[in-house]
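Before any comments, here is the structure.
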Amino acid sequence: MRPPPHAGLLLAACIGPLLVLVPILTILFEAVRIAPADASDLLFRPLVGQLLDNTVTLVAASTVSAALVGTAAAWCVERTRLPGRRAWAVLVAVPLAIPPFVTSYAWVSLSNDLQDFGGALLVVTSAYYPLVYLPVAATLRGMDPALEETARALGCSPARCFWRVVLPQLRPSLLGGMLLVALNALVEFGAFSLLRYRTFTTEIYAEYRTGFAGPGAALLAAVLVVGCLALLAGEAILRGRTRYARVGRFTRRPATLLRLGWTLAPVLAGLSLLVALTIGVPVGMVLYWLTQPGSAASSPVTATLAGLLSATFASVGFGLAAAGLTVALAIPLGFLAARHPGRAVMALERTSFLAQGVPGIVVALALVSIAVQVLRPLYQSAGLLVVAYAILFLPLALVGVRAAFAQAQRGLDEAARSLGLAWPEVFRRVLLPVAGPGLGAAAALVFVSTVTELTTTLLLSPIGTRTLATEVWVDTSTLAFAAAAPYAALMVTLSLLSTWLLVRRFGAGVAA
Amino acid sequence: MTSRNRQRPACGRRAVMLGATLAALLLPATLSAAETLTLYSGQHEQTVDQLVEAFQKQTGIVVKVHSGEGPELANQLLTEGTASAADVYFTENSPELQLLAEHGLLAPVDAATLAQVPARFNSPQGQWLGVLARQNVLAYNEAKLEAASLPTSVLDLAALAWKGRVGIAPSDGDFLPLVSAVIAVKGEDGALAWLRGLQHNAQNFDDDEGVVAAVDRGAVATGIVNNYYWERLREQNGAHGMHSAIHEFAPGDVGALVNVSGAAVLKTSRHKGAAQRFLAFLVSAPTQAALGRSNITFEYPLRPGVAANPALTPLARLSPPEIGWDKLGDDSQAVALLRKAGLL
């Protein structure tokens, strides 16, 4: 017998999902409101076809290449007697903490030839392959080796064994990771813009620059949202199926690690190359440009100490505010999801996860439209930007918050309640101490994501406010690489440091 | 901080308070000033930062800057309408100012200020003030092309021979006036044919900075840009580090269009006095002289008797096509054609 959830709690849990619906509905509404003739002119112009082609090609190619790189890296790290396995396991996951537009800046400033498709594929793959690596590595770790051993004993070659026994078990995590890569490639903006590769997101921004939040931008945004939601639906269906694919929890031992023998050298070389390309180049180029003098003529934002401090202050401030608000929104829903899972709660949870399919540029555009038309006092305020972050990162927070509450035993708060403590007290004195670390991890994730977020920040920053991300952007988009370096260095340091603390404190699982 | 500086409707007070609390936490401390101007600027941030600093020092008036692309800001001002926070709009090109004038959003500029600049650089109705000017040119990579093989007219770049050898930035605010000028000279059909040719030939970039950098490193042979982007790149790379040069189109060619960077006071401004002072400051002798000397803007100061940067062809020697500001339009036609041609 479960007591029904507190009505106030249920109400509070609705706020986050409702906020997530706001940009989606706004953009769709704006797109529908355009006169059909104008809409078809806007939608069926030559450029849209080219954008569709560019976007689909890149999403498909980067998904496949990230799958190959991620799976290969996971296999080497988890299943072979690689020297320094633990160090490799961390290094291969690190690129996730480097914002793609910094990676892009590094490559663009390294070589002139990296433009267009090739460059875009390289940057997306190196920025997002950890999204495949992490789940695949986790599955490899948890897999029962007995199946493989049986297959080998029955005469399967190692390659055949991988193909017929390991890969089918990897399928759910592999496909899940690939869909995440596809989703991220679809909503990426800064990296492509620097590489001059035109996709829907870069074109929405171009529309914004020539016409503010006009019908052209809204229509392209609606198309993009529909694409993202379709991918998301694909992922949800897939996740639903994973249940059947899961291997039972019987006793198992860790897999025997493969001796590399003569392949050791090529494997080490491959992993070193991967780390050099994905971490070495971004970090190295930022460090290189730090030592180069910049000219005021072509550097929109020359780095002064005061400028650096105020941008850092702004970034950290927004990060903290966003972390606070997002986790606050996620707490009631996460608590209900852990304690009272039911249809209504599940619907709310799923609605929140829709945010994964709404690109930052769309959230920003929608919020600008709403604020300028209806919520004038919020227009151009820092508060609106924080709300935008909360919408974007609610899914991230929700996963962590729910896990945190799931770990706190139900009996604890029930006992506290029966002993006469009021709800706020139960939360403060019982739940918070138990679930605290998990909530902290969720907040830290939101913080990192906010500090490295570009698109929304670019469109919604209050007048006069510049953050680390927007400073890097302003300089790199005008190719003032030296001027961008200090801001980029600070941002990457902040991101790496927080991620490192997060992983140290809460274990590698959280970063996934 | 917003709530102190502006009158807000009472209904949104709590939201403002919330925003203000966050803002106070995040924004640099500019609270103490008596008067604050809000400037929407499509001009280069380096230039504006310097101007704002000098103005602040001179008058004690604090200027808050909202930077963006010119057309974006103009459309933003249209959307915001009467409740805009903006006092002054300072942008790189005249069509954006014309757009706002057409919609009746601009207050007349003080006659005394207008008189500081030759009338042909100002709005004919006195709605906006010309501050600086620049020239459309073709940047070309010296290793890839001989100067002799360069076209006399910007219209030639639509010819098949230029396939893959032209860089443009169709979504840069500086490109739109050129399209408008071609419309004014060649008519809509002629302009569309030209743009279709460019669409076939050109590599597209986000902005003129991208075009000029690509030309210099040889990624594309030529690029249509405003002259100062090249000068700025030279300032960054040093004269010896340049692999490109500037080609001027023939006198009177539509490609030799001169773009005017202008400023205006918003009709809804609540600080009109300070806003007019800012405009007067922009065309005052010391400011214009400093802009002319600056190795940052490389634009032509418009006040008579103020010398431009010696690196530039003197303004008097340029021969742009004769197209009035009214005829140059408000970008809307240009955007529509760019879309039709598949460039936007």
Given (1) within 19 Å of the chain's Cα centre (by Cα); (2) of a type in the set (Ser, Thr, Tyr); (3) surrounded by 24 or more Cβ atoms within 10 Å (Cβ to Cβ), where does A:THR467 come up short, assuming only one miss? (1)
Looking at segment A:24-43, can you tell me whether even one residue there is touching an Asp or Glu at 6+ places or on another chain (Cβ under 8 Å) and either closer than 30 Å to A:ALA138 by Cα or touching a residue at least 12 places away in the same chain (Cβ under 8 Å) (or both)? no
For a quick check of your reading of the model, give me the residue pairs whose first member lies in segment A:113-135 and is of a type in the set (Val, Ile, Thr), whose second is outside any helix (DSSP H, G or I), with beta-carbon atoms closer than 7 Å and at least 6 apart or on different chains. A:VAL123/A:LEU195; A:VAL124/A:GLU188
Report, by residue number, each residue of segment B:26-49 that is at pLDDT 90 or above and assigned to a helix (DSSP H, G or I). B:VAL48
Look through A:VAL387, A:VAL426, A:VAL399 and report the one residue that is more than 30 Å from A:SER299 (Cα to Cα), assigned to a helix (DSSP H, G or I) and either within 14 Å of chain B (Cβ to nearest Cβ) or polar (S, T, N, Q) (or both). A:VAL387
Among the candidates A:ALA330, A:ALA276, which residue alone is in a helix (DSSP H, G or I), at pLDDT 90 or above, within 30 Å of A:ARG85 (Cβ to Cβ) and touching a Gly at 6+ places or on another chain (Cβ under 9 Å)? A:ALA276
Can you tell me which residue in segment B:203-216 is farthest from B:HIS243 (Cα to Cα), limited to those that are touching a residue at least 60 places away in the same chain (Cβ under 8 Å) and either among the hydrophobic types (A, V, I, L, M, F, W, C) or facing chain A (nearest Cβ under 9 Å) (or both)? B:ASN204
Restrict the check to segment A:179-190 and report whether at least one residue is closer than 25 Å to B:GLY70 by Cβ and either in a helix (DSSP H, G or I) or under 21 Å from the mean Cα position of the chain (by Cα) (or both). yes
Determine whether segment A:407-423 contains at least one residue that is part of a helix (DSSP H, G or I) and within 27 Å of the chain's Cα centre (by Cα). yes
Name the one entry in B:PRO177, B:PRO151, B:PRO170 that is touching a Pro at 6+ places or on another chain (Cβ under 7 Å) and not charged (D, E, K, R). B:PRO177
Taking the conditions exactly as written (away from chain B (no Cβ under 14 Å) and within 19 Å of the chain's Cα centre (by Cα)), does A:LEU501 satisfy them or not? yes
Can you tell which of A:SER369, A:SER310 is at pLDDT 90 or above, within 10 Å of another protein chain (Cβ to nearest Cβ) and in a helix (DSSP H, G or I)? A:SER310
Do you know which residues across segment A:30-65 are within 14 Å of chain B (Cβ to nearest Cβ) and within 14 Å of A:THR199 (Cβ to Cβ)? A:LEU47, A:VAL48, A:GLY49, A:GLN50, A:LEU51, A:LEU52, A:ASP53, A:ASN54
Out of B:LEU338, B:LEU315, B:LEU291, B:LEU344, which single residue is at pLDDT 90 or above and at the interface with chain A (Cβ under 9 Å from one of its Cβ atoms)? B:LEU338
Here are the criteria: (1) in contact (Cβ under 8 Å) with a residue 40 or more places away in the chain; (2) hydrophobic (A, V, I, L, M, F, W, C); (3) under 27 Å from A:LEU333 (Cα atoms). Tell me which single one A:TRP88 does not satisfy. (3)
From B:SER319, B:SER269, grab the single residue that is in contact (Cβ under 8 Å) with a residue 40 or more places away in the chain, small (Gly, Ala, Ser) and over 20 Å from B:SER94 (Cα atoms). B:SER269
Could you go through segment A:149-159 and let me know if any residue there is within 14 Å of chain B (Cβ to nearest Cβ) and in a helix (DSSP H, G or I). no
Determine whether B:PHE175 is closer than 21 Å to B:TYR89 by Cβ, modelled with pLDDT under 95, within 11 Å of another protein chain (Cβ to nearest Cβ) and surrounded by 18 or more Cβ atoms within 10 Å (Cβ to Cβ). yes
Every listed condition ((1) within 24 Å of the chain's Cα centre (by Cα); (2) surrounded by fewer than 22 Cβ atoms within 10 Å (Cβ to Cβ); (3) within 17 Å of B:VAL258 (Cα to Cα)) holds for B:ASN226 save (2)
Taking the condition assigned to a helix (DSSP H, G or I), closer than 17 Å to A:ALA236 by Cα and more than 20 Å from the chain's Cα centre (by Cα), does A:ALA338 pass? no
So in segment B:294-312, with the set limited to residues that are touching a residue at least 24 places away in the same chain (Cβ under 8 Å) and away from every other protein chain (no Cβ under 13 Å), which one is nearest to B:ARG232 (Cα to Cα)? B:LEU312
What number of residues within segment B:39-86 satisfy the criterion of being within 22 Å of B:ARG277 (Cβ to Cβ) and either hydrophobic (A, V, I, L, M, F, W, C) or over 18 Å from the mean Cα position of the chain (by Cα) (or both)? 22
Check B:GLN236 against each of (1) surrounded by fewer than 21 Cβ atoms within 10 Å (Cβ to Cβ); (2) without any contact (Cβ under 8 Å) to a residue 40 or more places away in the chain and name the one condition it does not meet. (1)
Among the numbered conditions (1) of a type in the set (Gly, Ala, Ser); (2) part of a helix (DSSP H, G or I); (3) more than 7 Å from every other protein chain (Cβ to nearest Cβ), tell me where A:GLY294 comes up short. (2)
List the number of the failed condition for A:ALA488; all other conditions in (1) in a helix (DSSP H, G or I); (2) farther than 22 Å from A:LEU385 by Cβ hold. (2)
In segment B:263-288, residues that are more than 14 Å from chain A (Cβ to nearest Cβ) and assigned to a loop (DSSP other than H, G, I, E, B) total 6
A:ALA355 vs. criteria within 18 Å of the chain's Cα centre (by Cα) and part of a helix (DSSP H, G or I): yes
Run down A:PRO293, A:PRO266 and say which single residue is surrounded by fewer than 16 Cβ atoms within 10 Å (Cβ to Cβ), touching a residue at least 24 places away in the same chain (Cβ under 8 Å) and over 31 Å from the mean Cα position of the chain (by Cα). A:PRO293
Residues in segment B:217-252 that are at the interface with chain A (Cβ under 10 Å from one of its Cβ atoms), closer than 17 Å to B:ALA133 by Cα and in contact with a strand residue (DSSP E or B) (Cβ under 8 Å, 6 or more places away or on another chain): how many? 2
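The values are calculated or read from the model by the stated rules, or taken from the named source; none is laboratory data. Here the structure is a predicted model, which means the values were calculated and not measured. Heads up, the Cβs are rebuilt from the backbone with ideal geometry, glycines too, and the neighbour counts pull from every protein chain shown.
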